[in-house]
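> My structure is below; once you've seen it, I'll send some questions.
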Amino acid sequence: MPLEILTSTLAARHGFFTRDGCVSTGPYASLNCSLSGADRQENVLPNRALVAAAMGVAADKLLGVRQVHGVAVRVADTAWRLGEGGEADAIITKTPGLALGVVTADCAPVLFADAAGKVVGAAHAGWRGAVAGILEATVQAMIGLGAEEKITAAIGPCIHQESYEVSADLRDAVLARNRADEQFFTDGQVRQKWHFDLPGYCAARLASAGVSAEILPYDTCALEQKFFSHRRRTLRSETAIGHQISVIRL
């Protein structure tokens, strides 16, 4: 099965990859790109090499970090060895030939590019990271690295509001920062549950930072044949899960 690569209007070369197109099997089928799960490395490494080739770089130039739902941004000026990217939830670069990747399975992958073609970035935005400010941190880091013109973003496949029923702890954390963000919640099916619009929330946070964002219309939880989903796994009480990757490069 060939790779399926979704794209946006970002000027830089990029791709939001689905789960289709390589060698992993079972719950990881088939383009699982996460090194932190229980899938065998002899499957994950060819998967990531195929993604790198699709992005026009060598396998060792596809960079990632250990994502921890925080606000740290890693600057990449040269490649690092696989698994040695450290803990962060975004990567930025002004170095041509480096591909920046984030892995997700319901969280929002957000790719960034400046209009001058000088700096690109990739961020992993779960609700915790988005509330804490990972998107704004990425924008500020890109400016600090030399982004000279307007920065735009694309919010890739993630869990959408219809699939994302949440409890009071999540809602309270969002509203503790800004009560106006109640607009991103609708009533759930039962009392004390709400549906949260993660991509809409991310787009609004970016807009407040002066960044226009495109939202790709793909719900990872609802589209089982196309995407891995942590929420879908949880609802089914399954244990194993794969992750899709989103990548950008200069």
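The values are calculated or read from the model by the stated rules, or taken from the named source; none is laboratory data. Quick caveat: nothing in here was measured; it's all calculated off a predicted structure. Using ideal geometry, Cβ is built from the backbone for each residue, glycine included, and neighbour counts are taken over all protein chains shown.
> Name the residue that is surrounded by the most Cβ atoms within 10 Å (Cβ to Cβ), counting only residues in segment 154-190 that are under 30 Å from Asp20 (Cβ atoms) and acidic (Asp, Glu).
The qualifying residue surrounded by the most Cβ atoms within 10 Å (Cβ to Cβ) is Glu165.
> Does segment 236-244 contain any residue that is in contact (Cβ under 8 Å) with a residue 24 or more places away in the chain, of a type in the set (A, V, I, L, M, F, W, C) and out of contact with any Lys or Arg (no Cβ under 7 Å at 6 or more places or on another chain)?
Within segment 236-244 (the criterion being in contact (Cβ under 8 Å) with a residue 24 or more places away in the chain, of a type in the set (A, V, I, L, M, F, W, C) and out of contact with any Lys or Arg (no Cβ under 7 Å at 6 or more places or on another chain)), the answer is yes, since at least one residue qualifies.
> Search segment 1-13 for residues being part of a loop (DSSP other than H, G, I, E, B), touching a residue at least 40 places away in the same chain (Cβ under 8 Å) and not small (Gly, Ala, Ser), and hand back the single one that is nearest to Lys226 (Cα to Cα).
Glu4
> Collect the residues in segment 193-207 that are touching a residue at least 12 places away in the same chain (Cβ under 8 Å) and part of a helix (DSSP H, G or I), keeping them in residue-number order.
Residues satisfying the conditions are Leu198, Pro199, Gly200, Tyr201, Cys202, Ala203, Ala204, Arg205, Leu206.
> Step by step: first the residues of segment 14-45, then only those that are without any contact (Cβ under 8 Å) to a residue 40 or more places away in the chain, out of contact with any Asp or Glu (no Cβ under 9 Å at 6 or more places or on another chain) and surrounded by 15 or more Cβ atoms within 10 Å (Cβ to Cβ), then the one that is farthest from Ser229 (Cα to Cα). Which residue is that?
Step by step, filter segment 14-45, then rank; the result is Leu45.
> In segment 47-90, what count of residues is obtained for those that are in contact (Cβ under 8 Å) with a residue 24 or more places away in the chain and among the charged types (D, E, K, R)?
Adding up the residues that qualify gives 4.
> Any chance you could count how many residues in segment 182-209 are among the charged types (D, E, K, R) and farther than 16 Å from Gly126 by Cα?
The total comes to 4.
> Restricting attention to segment 207-245, which residues are crowded, with 20+ Cβ neighbours inside 10 Å, aliphatic (A, V, I, L, M) and farther than 22 Å from Ala153 by Cα?
Hit for segment 207-245 is Ile241, nothing else.
> Now for a different question. Does Val211 fit the bill of being without any contact (Cβ under 8 Å) to a residue 60 or more places away in the chain and either within 15 Å of the chain's Cα centre (by Cα) or farther than 30 Å from Pro2 by Cα (or both)?
Answer is no for this residue.
> Then there is this: Can you name the condition, by its number, that Glu214 falls short on among (1) closer than 24 Å to Gly15 by Cβ; (2) out of contact with any Phe, Trp or Tyr (no Cβ under 6 Å at 6 or more places or on another chain); (3) part of a loop (DSSP other than H, G, I, E, B)?
Status for Glu214: all satisfied but (3).
> Would you confirm, using the coordinates I've provided, whether Glu136 is closer than 21 Å to His230 by Cβ, at pLDDT 95 or above and not β-branched (Val, Ile, Thr)?
Judged against the criteria, Glu136 is not a match.
> Within the group Asp187, Asp172, Asp219, Asp181, which residue is of a type in the set (D, E, K, R) and either in contact with a Pro (Cβ under 7 Å, 6 or more places away or on another chain) or under 14 Å from Cys107 (Cα atoms) (or both)?
Answer to the selection: Asp219.
> Quick one: in segment 68-112, which of the residues that are within 10 Å of the chain's Cα centre (by Cα) and assigned to a loop (DSSP other than H, G, I, E, B) is surrounded by the fewest Cβ atoms within 10 Å (Cβ to Cβ)?
Ala105
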